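Bear in mind that the values in this text are calculations on the coordinates, not laboratory data. Values in this document were obtained by computation on a predicted structure and should not be read as measured data. When we count neighbours, we look across all protein chains shown, and the Cβ atoms used for this are built from the backbone with ideal geometry, even at glycine.
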Amino acid sequence: MKRTLSREQVLALAEHIENAELNARDVPKAANDYPEMTLADAYDVQWEIRRRTEARGSKIVGLKMGLTSWTKMAQMGLKTPVYGFLTDHFSVADGGVVDCSKLIHPKIEAQIGFVTKSPIHGPGCHIGQVLAATDFVIPVLGVNDSRYENLKFDLISEVAENASSTHFIIGGQMAGFADLDLRTVGVVMEKNGEVVALGAGAAVLGHPAVSVAMLANLLAERGEHIPAGSFIMTGGITAAVPVMPGDNITVRYQGLGSVSARFISFKEQTGHVAVSGNDYLAAVLPT
């Protein structure tokens, strides 16, 4: 894979993008300063952000796929989707709260999550290998948040910023492949009681398991694989819907229950942001 960035440039860009996320401050897209940057460079930046995240004490708990629609891929000139990583501090409990004051351009989408029971290796991974290696599937509400100004970015810049990864909410109920056809699973997203998006599992590359196979093949290009026990968000079944403080979201999945979350601005409620962990939960959860 072709690379154009030096190690020093990768480190500097990773720190720049990570600071944008940590400070909830948007920045110009990465390709503005590095117009010759390639997709391989962008993944180098993403993996450096991942290393820095782990060094701060966060645990990598899963991976997410993006651009998992054949139509979107054709529009972008892609043959495969893109991926990013998920950390433990991104996780929000079903029915819990997401603090918009720590986000920049939050949007949500309904997804199906896979949990593996055995490793999955590429290259050449196919849907049969994924189905054999999957323990169960579960509904997920994914929150995306681009760190780029005015939501203006390109594919390479998005990969560098970890594919807009941020919070995720797992809910509903677990199911195996014998219990449902993931291609025809229907999804209804409601915002403040109004239906805002509809979809079916086939929106993800015809079958969400295809997304996992593509992930295994992408990881193989870096000598990586999907370990047993991995959690994988397979991509948006619905369109990405913008959210703001005060919004209440519920997504109902056919045969899989529902998942929900509240969006608030902790800064507006308390007058400051420097609270986390148990103090944060105590402040926002009902007593």
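Only helices enter this figure: runs of n ≥ 4 DSSP H residues, each worth -39500 (n - 2.57), summed and divided by the residues of the chain, yield -8000 deg cm²/dmol at 222 nm to the nearest 500. Report, in order of residue number, the helices in the chain meeting two criteria: a C-alpha extent of 20 Å or more along the helix axis, and a mean Kyte-Doolittle hydropathy of at least -0.5; treat each whole DSSP H run as one helix. Span-like helices, by this rule, are 7-22. Remark on the range 60-284: hydrodynamic radius 17.8 angstrom, per the Kirkwood mean of 1/r across alpha carbon pairs. Most fluctuating residue of Asp179, Asp99, Asp26 in a GNM of the chain with Cα springs under 10 Å: which is it? Checking each option, the largest mean-square fluctuation is seen for Asp179. Here's the list of lysines a cross-link from Lys2 could span, going by alpha-carbon distance under 18 Å and ignoring same-chain residues fewer than 8 apart: Lys79. Could you tell me the relative contact order of the range 32-89? Use alpha-carbon pairs under 8 Å, at least six residues apart, and round to a whole percent. Reported as a whole number, the value is 36 percent.
A Förster distance of 22 Å, applied to the separation of the beta-carbon atoms of Leu180 and Ala240, puts the FRET efficiency at 0.35.
Measuring r between the beta carbons of Val61 and Leu11 and using R0 = 22 Å, the FRET efficiency lands at 0.35. Name the most mobile residue of Ser101, Ser165, Ser146, meaning the one with the largest mean-square fluctuation, in a Gaussian network model of the chain with Cα contacts below 10 Å. Of Ser101, Ser165, Ser146, the Gaussian network model singles out Ser101 as fluctuating most.
Using a ≥ b ≥ c from the Cα gyration tensor of the range 1-127 (square roots of the eigenvalues), is it rounded, prolate or oblate, where a/c under 1.5 gives rounded and otherwise the larger of a/b and b/c decides, a/b for prolate? Rounded, since a/c falls under 1.5. For the range 89-156, trypsin sites (Lys or Arg not before Pro) meeting the loop criterion (DSSP other than H, G, I, E, B) and having at most 15 other Cβ atoms within 10 Å: Lys117, Lys152. Sparse packing (at most 11 other Cβ atoms within 10 Å of the Cβ) combined with a DSSP loop state is found for the following trypsin sites (Lys or Arg not before Pro) in the range 48-83: Arg56, Lys59, Lys79.
Considering only DSSP beta bridges with both partners in the chain, what is the antiparallel share in %, to the nearest 5?
85 percent
For the range 96-175, the alpha carbon convex hull comes to 125 Å³ per residue, rounded to a whole number. With 22 Å as the limit, the listed pairs Lys59/Lys107; Lys59/Lys117; Lys72/Lys117; Lys152/Lys191 have Lys59/Lys107; Lys72/Lys117; Lys152/Lys191 beyond it between alpha carbons. Annotation: extensible slack from Met1 through Lys79 equals 26.6 nm (criterion: 0.36 nm per residue apart, minus Cα-Cα distance).
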